[in-house]
Every structure is written in structure tokens, then in C-alpha cells.
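To keep things clear, I will list the structure first and then write my remarks on it.
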Protein chains: 4
Amino acid sequence: MTETRLNLALIGTGRIGRVHAGNIAKMSGARLVGIADVNQSSARECAAANGVTRVTSEYRELLNSEGVDAVVVCSSTDTHTSIIEDAARAGKHVFCEKPIDFDLRRIDGALAAVDAAGVRLQIGFNRRFDANHQRVRRAVADGEVGEPHLLHIISRDPSPPPAEYIKVSGGMFLDMTIHDFDMARFLMGSEVSEVYVSAEVRVDPEIGKLGDVDTAVTLLKFENGAIGTIDNSRQAVYGYDQRVEVFGSRGSVRTENQFPSATTISDDHSVRRDLPLNFFMDRYRESFAAEMASFVDAVLEGRQTLVTGRDARAPVVLGLAAQRSHDEHRPVRPEEVDI
Amino acid sequence: MTETRLNLALIGTGRIGRVHAGNIAKMSGARLVGIADVNQSSARECAAANGVTRVTSEYRELLNSEGVDAVVVCSSTDTHTSIIEDAARAGKHVFCEKPIDFDLRRIDGALAAVDAAGVRLQIGFNRRFDANHQRVRRAVADGEVGEPHLLHIISRDPSPPPAEYIKVSGGMFLDMTIHDFDMARFLMGSEVSEVYVSAEVRVDPEIGKLGDVDTAVTLLKFENGAIGTIDNSRQAVYGYDQRVEVFGSRGSVRTENQFPSATTISDDHSVRRDLPLNFFMDRYRESFAAEMASFVDAVLEGRQTLVTGRDARAPVVLGLAAQRSHDEHRPVRPEEVDI
Amino acid sequence: MTETRLNLALIGTGRIGRVHAGNIAKMSGARLVGIADVNQSSARECAAANGVTRVTSEYRELLNSEGVDAVVVCSSTDTHTSIIEDAARAGKHVFCEKPIDFDLRRIDGALAAVDAAGVRLQIGFNRRFDANHQRVRRAVADGEVGEPHLLHIISRDPSPPPAEYIKVSGGMFLDMTIHDFDMARFLMGSEVSEVYVSAEVRVDPEIGKLGDVDTAVTLLKFENGAIGTIDNSRQAVYGYDQRVEVFGSRGSVRTENQFPSATTISDDHSVRRDLPLNFFMDRYRESFAAEMASFVDAVLEGRQTLVTGRDARAPVVLGLAAQRSHDEHRPVRPEEVDI
Amino acid sequence: MTETRLNLALIGTGRIGRVHAGNIAKMSGARLVGIADVNQSSARECAAANGVTRVTSEYRELLNSEGVDAVVVCSSTDTHTSIIEDAARAGKHVFCEKPIDFDLRRIDGALAAVDAAGVRLQIGFNRRFDANHQRVRRAVADGEVGEPHLLHIISRDPSPPPAEYIKVSGGMFLDMTIHDFDMARFLMGSEVSEVYVSAEVRVDPEIGKLGDVDTAVTLLKFENGAIGTIDNSRQAVYGYDQRVEVFGSRGSVRTENQFPSATTISDDHSVRRDLPLNFFMDRYRESFAAEMASFVDAVLEGRQTLVTGRDARAPVVLGLAAQRSHDEHRPVRPEEVDI
């Protein structure tokens, strides 16, 4: 780590990997120095677009390089924990896309490796870095709304993923709600002590045939006594719907969706505005840049990242609890599904 | 019932009775012809304010009068069913404040008497007649949002009632959530098939000492497959918070709170507006007038009222189910608590 | 004036007369005791609807009655000043619909009669009593926005009146902008020292053929140094558009239109709400009731009305100045058109 | 111009120059290849931050380089026309910050040089590229609001510039309103045929002592018959206030300010949100990037830029007309001040 610039290597050059590559390229405090992907043509394309010369199909090569300070793990979920372990042993800091894994034992193995090596780990829960969510968190943390009593998270996708994706997604609670579990912990600053799920197949019967659901409300009880709900749908025809509200003893804070512009049109039918942003890459564009900047700063300044290994693990436990609550039709406490 | 004017008698002259008296006085299709209250000074005061000459402490006198077509029952809840039965036997139509009663057997007795007499009965679920709720119901009924998948009701009072009231209220679910159970049935046009409650004492420990709760989320499953939540708090410091959202296959419809004006002030601290209306009499002023007009029209035109005996009973069942869910910490189906 | 109830007689039973009759009927502090209209069938109809027994075609009969404390003048504009003079001489207080007249000499005659008799006069500039406008006025008067620098009034009708009306209207500035001149004086608490008009025929060529305009911006200079604009159109296809903004040294206050409900619908085309209220009787319903209540209170309590004779005259002067500015294509000071 | 990448040189490395440098650095279709500034330390700093190696104090060196396709002129206003002429003669395309100049003869000389050389010229009216303004323009151009009748532009700065700046600014109309004159022409797609100004010193007496104003309303008449207003203040204490509205025969389109987040907080005092963005660099961040991308695309694709030489000149004429209207207190037509 020469000067104050962090040398990063990217592992995995799919959609999200390229977003991170582009953001790193614009940062003054970081430099992308290597790219690994088993798909070599994808790796080369991504490298060319970002002025990176070192390209490999074997990520371990990058881990062995002295010129690499940290890795950004954007490969498929099933490779996350082993790459984290390898990186930690090589003394590299790790930014890893969510979810870290669905298996708690494997997660614990990876986190132990990180601890043993004393490297930094940050998980890609980018929504924490969104301006709206930051403002809500600040209102809660600063006591602007007093003691929190109620939390509501609405989190609806514009359209369901293809069946092929659903099959390997781990189910709606581990694929989609996991973001909201993280958001719930982040906004409230308190752990979830119980989960109850009510879920249905309402959007697409094919999803039901695959054993999954597409519409759900997850009820949360927090250790601080607050109650929360998470509203999920795989299909909001008007676009990406992401809103939160925290209600407390001294008031309430809530957010609205993000629109392409603040323009309103009145005609003889209605007063209307264009639909909110429809694609998570547009909606959360700035949060992706902010989370990477935050990771780079944390490593450079030698302090804890804002999304830790514990933050990687807890939502997986809640996702497993949610699945069991759905299966057994009863409230479930996290420790019932924890190992 | 001479001409097309309905002659009404009022039984009970407390706050809500006086609201109805005032609204009737302004209607061209109705006339307030008698007032009964065991508190004679209250009855006389209300009569004077509305130009009514016939005043009695004994409501049965009014039921025996040929000049009375219908009664408006605003006495205490424990008197509702017996007055309804008396009125029905006397051939008088009945408008009765909610809740009709907390005892299902007594409710069934009153509804049987109404059916036997062939008179009309309307229950004072005034919120159905609010412009916002009417618009949401229309959007759902007309298919503007497609098949409903999710419902959210936020229903928070500005401040908790006194302990004396809490003691006799029947508990939060029968006192406060009962309105929202009615709203849920009204907006969705579907019956609730299961209830799960998560509730806490967060506002005032005194409420907890009385065995009641002050903060709750009630999760509903509907027969049409939709999922709903009701968010209740006894204390929203910013005022009366009443919002609903129905999300469906073709879109979403939602309402905002009612403000005293549509004025915004920007200064060097914030862009702000004054607090929403703080008192249910202000917030729902027009809905009280509209529900009475609707009752009068239904009777004059000889058709079913818009809030029937069945609508009086169903929310009580749901309130009992909610209480049991809270007590037993598990999802409860309405038939478990029905007789 | 027995007790604390004001006995009012209504002169003129057109649309606005009936609105006032209905509002008076609902007031506890006033009583409608007589109705006059040369159109006797209209007078009788209005009387029947409001429980008034005394009906005449000759308003002077009512002026001569001891049972009448005040008159509400809703007859055609050309009769206003003579009725005011007659009423004043008879010692009756007067509520008179706007405009008082278009002729400054006649106006001065009427105001002199009012002064000589020592009766109260209030002019029907109802918009002053609207909750939005009251809130803006309060923000300005209380210094919430500091010293006022800029004022904007948007005042657009849903559709133009018929040609017959345009012909006798006195022109757009005296018919439509006159309300906004009053609003400008009310909101700013300062007199207008200069007017400049830019006006066009954009909505309907027929209006142009009658020598009038249908689209205008009127620029105002105030004695306090502030600058204002009034935006008028005879046709806003989306409904009645009435918004104001006052910008000052410490901030800005502005109002939005009034909607039938606070309901928003999101579908795959837009996020929209229903059109704002389309009819001035709906938009300003409460302000009509409030202005009459204010008049009754002022008389009963023996204090100045909130819209005085001076407030009746000033907007007429400004309307004449606006017309001259338009005709001569130059800024005009009020004293140029005053007598 | 090898491949499809445009080689740009930057002249002037003040605040706005650095914004352009940073945006160019992020573009795939352009490359910053040289930087000129008489302030050599500023030039070197800017070069280092953007990975540019060629730095000079003499911009003509860059004009003589074959490796430069176009220049971005961000030097002081008084140097604009001569640099444009030099660049045009050297066959370089030009992006020039606004205003091009205050002297119409010098402007015409520069435009003639551009025409003679056949190079592209774009003026830095960045607000045209803002998502809100683009949406309004599209609504007008596509007929969504029908024939435009009225235009309102509100354009208020958070705080006045220092006296030193005011002295050389050319006056409020040429310094501040010039942006709004461009916006007016852009949004309406019609030329201004007459200007009338009402202006005052309300914010700071020092500005008045310098012979300038700080608060103004400029009334516009358009060739298409529409009427417009521009509201300017040097000081809006709540932040940068930039809103527009176009009202037409079929409806109205309007924009709101840009806020740092869409978060609302309700407490026992108000329902509020944080202040809008306070700095034009934040408010128009994306429009600066978009205008440069648009310039690069226009040059690469060999088509007309979206802000032409004519667009550079017209607002200066309107600024001069506004100044004369203010001085002579009468409406002024642009041809009166044109040469």
C-alpha cells in the first residue's frame, strides 16, 4: 500500500463486478490493478474498459501479488467463502458481495479466517449507503424520532427474475428479504429476536412450482422492544419500490421513492409524474460508489468497515428463520436456526 | 315517514351523539324529532341546540312514537344490543355507533331481531365514508390496481386515552384496531382468514399495568390470498396518523394524512408544513356527515345500508382473534374464537 | 338585535345568495329572517329551503323592518351601491358581494353613506378566509418569512364564462384579477404603487372579438418595495388552479391546490392523483362559511369587519389601472386612474 | 481525431474548468490531452488530478497541436471571444463557458470566425441538460401541455456574491438572468419579442451602491404569443431555488427543487424535510457531465451542437434589453438594443 492509494483486484466481472470496477476507476484513493474471471473474454473486456493490464483466470495469482492490497469479490455466491479464506490467509482485505453464503458453518469458517488474519472485511449491503437510508439512520441514531417503536420496510422489485435464477436463489427470504433484514438491523441499531412470515404465490405460479414464494410480509420483533414489518413483492409494475419508515416516541421518519426528475404534469385526466426509477442500478447508483469509497477509506485508515462479518452473517440467520416460520407457520426465534 | 323526509330520534347525547344531531340538522332529507338520554340536562342542551322539542329520559317512549322512523344509538356500548332489539321490535330502523358489543351472543341476538323485524341497521364505521378511503376502495373495486396482493393500514392516535377509559375499552384490539379490521374488510372486499399479532407496551407503562398494550402490528391473511398489516400506536406526537395502501398486480394506491392547509414554509432550517389534523372529529368531520346521509338515503330508498349487521359482527370476531393471538403467541383463525 | 343572534335579510337569491343562505342557516349566532328578490319564484324557493317565511320582491321592505339587523347583498353588481346606501340610511349593517361597483364615484357615494350611518360593511372577498391564504398571511404578518420581497399569485379558472357574461363582466381585470388584487393587498399588507400588464387572447378568439383578453400576467410594485405577479388564465383544463407564494428575507411560504382526496395511484404508466377541485364553490366552500361567520361576529361584537369599504375600492382602482396599462402598453400608477 | 475518441484541451482551470476536467476524465468517448492556464500552479494541479501531462501557460500552443480536436474555454469572460476566434482559425471545435461576452460586436466577430472555419461551437448553458428541464422541454415540444400560454421561471441563488464579483459581473441581468433567458428560449422554443423589468435592491444595500439590483421580476413576451416571468433573487436563505412551469392549452408542467434525499420527518412541531441543495455544483452536477457528453457526441457525429452560437448571443441581447427596461422604466423590444 504505497502512498495513500489502495490497490484493488477484482474477482468476477459480471454486472455488479463491472459497476465496482467503474467506481474504483473514478476514485482518487484507489486503483484497480488486476482482474480475475474464469470467463477470460469477460475479464479482458472489463480490463480494457477500465485501463487495467493484469488479467487472469486464476484469482489466486492476484492474491499472491504484493501489488494487491485488497480484493473485491463479485464471483458467484458459492465461491465467496473459499475466496475470502484464501484472501485472508494471503493478508488481503476483502470486499465481498452479498450474500456471503447460505451455509452458516461455511460463513463461520470464512469469518474465522478473516479474524485470524486481522484483515478488513466489508459486505456489499450497498443500500446502507443510500442517502435516504443514511438520513433515516441518522434520525434514529440521533434521537430525532425518540425511542423507535415501529419499523416498516417496503421492498418490491419491478419484475421477477427468470425461473433459472429462482432455482438457485436460495428462496425469496435469502435472495431478496436478506437486504431488508440488513436494512432492519442497520436502521434500528438493534438485533431481531423473532420472525414471523406470511407469504404467498401471487405474481407467478411458476415461482410456486419451484417451491418459492413471490409475495411476503415478514414481521420482526427487535431486542429493543420495537416491532417491524418487511413487505416484499417480486413485481411492482410501476418500478422499483423502496421505502422505509421508523416511528418512535418523538416522531416518525420516512422516505419516498427515487424519481428520474421532480417534474409534474397536469392535464385534463390527472396530475402525474413519470414512474420512479425502475432498475436497482439506477436507484442505487450512488450507494454503490459510496460503499466502495467507504471500504477504501476504512482500509486506508485502519478502522473497522461499516458492514462487518457479523453483518454478513446475521441476515442469513434471519433468512433461515423466515423460511422456517413460513414452513412451520409459527413465529421463530433466530437461535432456533442458528448452529 | 311522510313525504321523503326521515324522522330520526337520537338516543345518547355525548360527544358523538351531538355530532350526529348537528349533521342531521343540516340535512334536507331528515329531521331530528326526539332526543333521549338518562342525563336529562345533557339531553335538553342538545335538544335546544338543534331545535328539537321532544326530550325524554326513557328511550322506549321514542320507540313507541309513530312520528319516529329510525333511531340513532349513541349510548354506552353495553346498552347497544338491547336498544337495537327494542327498536327492531318497534319497527324502527337503527343507526348504531360502533362497536355494536363485545359479546358475540348478544350481537347475534340483536342481529336476529333486526332480521326478524325487517328493519335496516347501519353501524357507525364512519371511516368508510372518508374521501380517501372511498377512493382507495374504488381503485380496488374497479381493478385500477389489479388483483390486490398486499394491504397496509397505519392507524395511530395522537395520544392515549385516560386509564379510566382503557379499563373499560375492551383492550386495544376491540377499541382501536376494530376500526382497522372494518377498514381492511371494506378496502379489500374479502374476509380475513387468519390473524397474527405482535404487540408491546411502548407508550405508557400504566397501560401495561392494566393488562393492555399500546403498540401493535396485526398481520392479516385474506380469503382472496392477500396479506395485510395494521400498524397501531396509541401515541403519534405529530397528530392523528391514518394512511392506507393497497398494492396489487397492476399497481398501488395509497393515501396521505389530512392537513389543515396545503401550505409549505421554507426557511433556513427546513422545508416544512404544519402538523396534520390532530383530532378525529376534525380528520373525519365530513365522513360523519356522509355516513348519516347514506343511512337516511338507504332507509328512504328501501335498500341495504352500506355497513350492515354482518359488518358489525366481523370486526369483533377479528378483535377477539387478535387478542387470542397476542395471548397465545401464534396465528389464530377467526373460527377459533367464533361461537 | 336581541340576545346575541344577528337577524339577517338576504337580497338576491342567485347561486351565491343561496350559498350564503345555507351558511347562515347553519350558524348559531345568526338567523335568516327575510329574503328579497325581484324574481319571486327564486326567492320563494330559497326561502322554503332555509325555513324563511318572510319573502318580498321589494328589498326596501326588509330595510324598514325592525327585525332586520343586517342585509346580505347578492343582487347584480349594478344595484350594489344603491342598496348599500339605502341600507346604511336605514341603519342596517351590510355584507355585499364583490365587486362593489366599477364606478369609483358611485363607490365613494356608497362608502360615504356607510360612514355617515356608522354601520358595518363587509365585502365578499371570500378567498381571504381560505385556510391556505390565512396561513400565508399569518406567515407574512408574523415575520416567518422575514421582509417580503416577491409575491406570486396563480389564479386560473377551469373554463371561460359564456360570451354573454364576458360582455357585461367589466373585462378580465375587473372580473377576475380583482380577486387577486385583493389577495395581493391582503397577503402583503401593503398597497400597490404601480401596475404593468401583459395580456393576450390565447384561449378563445371570441373573447378577443368582445374586446377582452383571457390570458394575462400583471406585474405589481408595492409600497413596501416588494414586486409581485398575478398569473391569470380563463382556462386551466386540469381544474381550478389557485396558488400563491410569498418570498422574503427569511424564507418563502407557498400553497398548493386543493384536491378531492390525498390519494395517489401508481400503475405502469405514471404516479398520479385525481384532478384538483374544479369548481370554485367546492374549492372555497369553507371560506364562504368563514367569511359570513366573520361578518356576523364583527357586527355582534361591534368591531371593524375584516374586509372594509377601503378593501372594496382599492381593487377596482387597480383593475382600472391594469386595463389602462394594457391599453397604453406602459406601467401605470393607481393615482392616474383614481378620481 | 483517431478512432472515436475526442481529444480535448482545457483553457482555464478555475472551479468550472476543473468540473469539466473531471467529467471528461470519466468519459469513454473523450480524452483530456492538454491544459492551459496563465496561473501555472493551478494548471499543474488540475493536470495532475486528471492524469494530463501536457501543461502550458500559453493556450495557443494547444491550438497549434495536431493532437487536439477541440478546446474547452473556461477562462475569464473577457478572453472568450478572442480564444474562440483563435481556436476557430486553428480548426478546433469549441466548448465555451457562458456568457460568451457582453459586447455584441465582439460576439458577432467570434461567431463569424466559427462559421468561416466550419467548426462546432457549444455554449455552457448547462441547465438545459438538467433532467427536470429536459422533461419540461419534452412536454412542451411533444405537445403534452398543448400550445404554451404562460411560462414561469424561479431562479434564486442561496446568497449574493461578494462586492468584487458584483462590480465586474455586468449586472444582475447579464450575470444571473442570462441563464434564465436561455432557459426561457429553450423551454418555449420561441424567441422573446419584448422585455419589461421590475427590479429592486432588497437583499443588500451594498449591491445598490454598486449600481446593481438583487431582486427582480422580468416579464417576457414571446413571438408565439406566450407570456413569461423570471423571478430572480440573490438570496434565498433556504438554498438554491430553481423551478419552472409551462402552462398551456392542454395542461401544465412544472418542476420542484432538488433535495439531498426524499426523507421526511414528522415530530411534534412540523412535518419537514431537509433544505434543498444549496450549491449550484451539487444541484447541476449531472447536467455539467451531460452537456460535455453532448458536445463530444455532436463533434464526433458531425452534427450541430444543442447550444449554438445563436443561443450564446440571444440571451445577451435580452440582458441588455432588460437593463434598458429597468433604466428607462418601460417595455423594451430586443431590436432596440441590438446592433
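The values are calculated or read from the model by the stated rules, or taken from the named source; none is laboratory data. Note that the structure is predicted; figures quoted are calculated from it, not measured. Cβ coordinates were reconstructed from backbone atoms using ideal geometry, including for glycine residues, and neighbour counts include every protein chain displayed.
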query = If you check every pair at least six apart or on different chains, which have Cβ atoms under 6 Å apart with a residue in the stretch B:88-115 that is closer than 10 Å to B:Ala312 by Cα first and a residue that is small (Gly, Ala, Ser) and assigned to a helix (DSSP H, G or I) second?
reply = B:Ile100/B:Ala312; B:Leu111/B:Gly309
ask   = From the list D:Leu275, D:Leu300, D:Leu320, which residue is modelled with pLDDT of 95 or more, outside the structural domain of D:Thr81 (by TED's automatic domain parsing) and closer than 30 Å to B:Val271 by Cα?
value = D:Leu275
request  = Name the residue, out of A:Asn257, A:Asn278, that is in a loop (DSSP other than H, G, I, E, B), at the interface with chain D (Cβ under 9 Å from one of its Cβ atoms) and polar (S, T, N, Q).
outcome  = A:Asn257
Matching residues in the stretch C:277-314 - criterion: being of a type in the set (Asp, Glu) and under 24 Å from C:Ser190 (Cα atoms) = C:Glu291, C:Asp311
request  = Within the stretch A:122-129, identify whether any single residue is more than 15 Å from the chain's Cα centre (by Cα), under 30 Å from B:Ile153 (Cβ atoms) and either outside the structural domain of A:Thr218 (by TED's automatic domain parsing) or part of a helix (DSSP H, G or I) (or both), and answer yes or no.
outcome  = no
key: C:Val136 vs. criteria in a helix (DSSP H, G or I) and surrounded by 20 or more Cβ atoms within 10 Å (Cβ to Cβ)   = yes
inquiry  = Restricting to the stretch A:103-121, give me the number of residues that are within 20 Å of the chain's Cα centre (by Cα) and either farther than 14 Å from A:Arg310 by Cα or surrounded by fewer than 17 Cβ atoms within 10 Å (Cβ to Cβ) (or both).
reply    = 3
inquiry  = Considering only the stretch D:110-131, I want to know if a residue exists there that is under 30 Å from C:Arg250 (Cα atoms), more than 14 Å from chain A (Cβ to nearest Cβ) and of a type in the set (A, V, I, L, M, F, W, C).
reply    = yes
message = For the structure I just gave you, tell me whether C:Ser169 is buried (at least 16 other Cβ atoms within 10 Å of the Cβ) and modelled with pLDDT under 95.
response = yes
request  = Return yes when A:Thr229 is within 7 Å of another protein chain (Cβ to nearest Cβ), modelled with pLDDT of 95 or more and over 21 Å from A:Val316 (Cβ atoms) and no when it is not.
outcome  = no
message = Can you confirm whether C:Leu151 is in a strand (DSSP E or B) and either surrounded by 22 or more Cβ atoms within 10 Å (Cβ to Cβ) or in contact (Cβ under 8 Å) with a residue 60 or more places away in the chain (or both)?
response = yes
ask   = Are any of the residues in the stretch B:9-22 away from chain C (no Cβ under 14 Å), closer than 24 Å to B:Ser294 by Cα and either in contact with a Pro (Cβ under 9 Å, 6 or more places away or on another chain) or of a type in the set (Phe, Trp, Tyr) (or both)?
value = no
request  = Scan the stretch D:55-78 residue by residue and report those that are in a helix (DSSP H, G or I) and surrounded by fewer than 16 Cβ atoms within 10 Å (Cβ to Cβ).
outcome  = D:Arg60, D:Glu61, D:Asp78
query = Does any residue of the stretch C:208-216 turn out to be β-branched (Val, Ile, Thr) and assigned to a loop (DSSP other than H, G, I, E, B)?
reply = yes
query = If you check D:Phe186 against the conditions, is it surrounded by fewer than 23 Cβ atoms within 10 Å (Cβ to Cβ) and in contact with a helix residue (DSSP H, G or I) (Cβ under 6 Å, 6 or more places away or on another chain)?
reply = yes
ask   = Which condition number does A:His329 fail, the rest of (1) surrounded by fewer than 23 Cβ atoms within 10 Å (Cβ to Cβ); (2) at negative phi; (3) assigned by TED's automatic domain parsing to the domain that holds A:Ala216 being met?
value = (2)
request  = Answer yes if at least one residue in the stretch C:308-325 is in contact with a Gly (Cβ under 7 Å, 6 or more places away or on another chain), within 22 Å of C:Asp180 (Cα to Cα) and in contact (Cβ under 8 Å) with a residue 24 or more places away in the chain, and no otherwise.
outcome  = yes
request  = Give the residue that is farthest from A:Gly12 (Cα to Cα), with candidates limited to residues of the stretch A:72-102 that are charged (D, E, K, R) and more than 17 Å from the chain's Cα centre (by Cα).
outcome  = A:Arg89
note = The one condition B:Gly143 fails out of (1) within 14 Å of chain C (Cβ to nearest Cβ); (2) over 20 Å from the mean Cα position of the chain (by Cα); (3) under 28 Å from B:Gly211 (Cα atoms) is (3)
inquiry  = Quick check on my filter: what residues within the stretch B:1-26 are buried (at least 17 other Cβ atoms within 10 Å of the Cβ) and closer than 14 Å to B:Val296 by Cβ?
reply    = B:Leu6, B:Asn7, B:Leu8, B:Ala9, B:Leu10, B:His20, B:Ala21, B:Asn23, B:Ile24
message = Looking only at the stretch C:301-336, filter to residues that are assigned to a loop (DSSP other than H, G, I, E, B) and in contact with a helix residue (DSSP H, G or I) (Cβ under 8 Å, 6 or more places away or on another chain); which one of those is farthest from the other protein chains (Cβ to nearest Cβ)?
response = C:Gln304
task = Name the one entry in B:Val271, B:Val332, B:Val337 that is more than 30 Å from B:Ala30 (Cα to Cα), of a type in the set (A, V, I, L, M, F, W, C) and free of Cβ contacts under 8 Å to residues at least 12 places away in the same chain.
result = B:Val271
query = How many residues, within the stretch A:29-49, are out of contact with any Asp or Glu (no Cβ under 6 Å at 6 or more places or on another chain) and either surrounded by fewer than 21 Cβ atoms within 10 Å (Cβ to Cβ) or assigned to a helix (DSSP H, G or I) (or both)?
reply = 14
inquiry  = Would you confirm whether or not the stretch A:236-254 contains a residue that is in contact with a His (Cβ under 7 Å, 6 or more places away or on another chain), away from chain D (no Cβ under 14 Å) and in a loop (DSSP other than H, G, I, E, B)?
reply    = no
